[in-house]
Structure formats: C-alpha cells, structure tokens
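Student: Attaching a single structure in structure tokens format; questions to follow.
The values are calculated or read from the model by the stated rules, or taken from the named source; none is laboratory data. Values in this document were obtained by computation on a predicted structure and should not be read as measured data. Glycine gets a Cβ as well: all are built from the backbone with ideal geometry, and neighbour counts include every protein chain shown.
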Amino acid sequence: MSDSIIAISVICIVLPIIYFLSYTVIYDIYEVKCKDTYLQAAISYTERGKMYYKNNKKPLLDRVEYRDFYIQGTVSTDMVNTVRVVNYRVGVYKNEQEVYELSTLLGTI
C-alpha cells in the first residue's frame, strides 16, 4: 500500500515538471523559427532593394505582407564626414511593433 502511494506521489511531482519542460522547449523552438523567418525575409528584402537601387537608382519601398508580419523599407540621406550618403533601412513589424531592423548604405549623392 505504501509503495503505491509513494509511486503515485512521485508521478504527481514529476509529471508537471515534464509537461513544463516540454512546453518550454517547444515554445523556444517556435520563437527561434520565427526570428529566423524574420531575419531571412529582411535579408531577402534588403538584397532586392539594393538590386533595385543599383539598376534604377530607386530602392524598393513597398510594404510586403506575410501571414503574421510585414516588411517596410525606408530611405534617408545622412551626412558622413561631409559626404552625403543614402541609407536604406528595412523594418520587420509584427502587431504594428518593430521586431527586427536591418540598415545598409546604398551609395553617395
């Protein structure tokens, strides 16, 4: 009788720990997959924008919608050591909040 009570109490203690660890691992894998998706989409959009700028002198500024996030490109001009440069910034937004940002210099004016 006492052996079965001990076994049941051990199971009642260990089972929630196993469930919690499983949930944590699955959630972490999901977060890493989402961040990788954001990064890959931002890099692809940045490279396409650089190609557009190289060919047309006008970078890609369209808003690209994905299932659960969107990407938007912006252009600004900055002064660096008395040289005016074109800065291309790509933002990844989820729920109207920026979750990732890439920035690169396109060239000089």
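Student: Identify the single condition in (1) loosely packed, with under 14 Cβ neighbours inside 10 Å; (2) within 13 Å of the chain's Cα centre (by Cα); (3) outside any strand (DSSP E or B) that Glu98 does not satisfy, given that it satisfies every other one.
Tutor: Of the numbered conditions (1) loosely packed, with under 14 Cβ neighbours inside 10 Å; (2) within 13 Å of the chain's Cα centre (by Cα); (3) outside any strand (DSSP E or B), the odd one out for Glu98 is (3).
Student: Show the residue pairs that are 6+ apart or on different chains and have beta-carbon atoms under 8 Å apart, the first residue being within the stretch 48-70 and closer than 16 Å to Tyr100 by Cβ and modelled with pLDDT of 85 or more, the second being loosely packed, with under 11 Cβ neighbours inside 10 Å and charged (D, E, K, R).
Tutor: Here the result reads Tyr70/Arg63, each pair linking the stretch 48-70 to a residue that is loosely packed, with under 11 Cβ neighbours inside 10 Å and charged (D, E, K, R).
Student: Can you confirm whether Lys50 is within 20 Å of Asn87 (Cα to Cα), touching a helix residue (DSSP H, G or I) at 6+ places or on another chain (Cβ under 7 Å) and among the basic types (Lys, Arg)?
Tutor: It is false that Lys50 is within 20 Å of Asn87 (Cα to Cα), touching a helix residue (DSSP H, G or I) at 6+ places or on another chain (Cβ under 7 Å) and among the basic types (Lys, Arg).
Student: Could you tell me how many of the residues in the stretch 59-85 are surrounded by 12 or more Cβ atoms within 10 Å (Cβ to Cβ), part of a loop (DSSP other than H, G, I, E, B) and hydroxyl-bearing (Ser, Thr, Tyr)?
Tutor: 1
Student: From the list Tyr88, Tyr45, exactly one residue is more than 19 Å from Val32 (Cα to Cα) and either part of a strand (DSSP E or B) or of a type in the set (Gly, Ala, Ser) (or both). Which is it?
Tutor: Tyr88
Student: What are the pairs, 6+ residues apart or on separate chains, where a residue within the stretch 92-109 that is over 22 Å from Tyr52 (Cα atoms) and modelled with pLDDT of 90 or more has its Cβ under 8 Å from a residue that is surrounded by fewer than 15 Cβ atoms within 10 Å (Cβ to Cβ) and of a type in the set (Asp, Glu)?
Tutor: Pairs that qualify, where the first residue is over 22 Å from Tyr52 (Cα atoms) and modelled with pLDDT of 90 or more and the partner is surrounded by fewer than 15 Cβ atoms within 10 Å (Cβ to Cβ) and of a type in the set (Asp, Glu), are Lys94/Asp68.
Student: Search the stretch 1-47 for residues being small (Gly, Ala, Ser) and surrounded by 10 or more Cβ atoms within 10 Å (Cβ to Cβ), and hand back the single one that is nearest to Leu102 (Cα to Cα).
Tutor: Filtering the stretch 1-47 for residues that are small (Gly, Ala, Ser) and surrounded by 10 or more Cβ atoms within 10 Å (Cβ to Cβ), the one nearest to Leu102 (Cα to Cα) comes out as Ala42.
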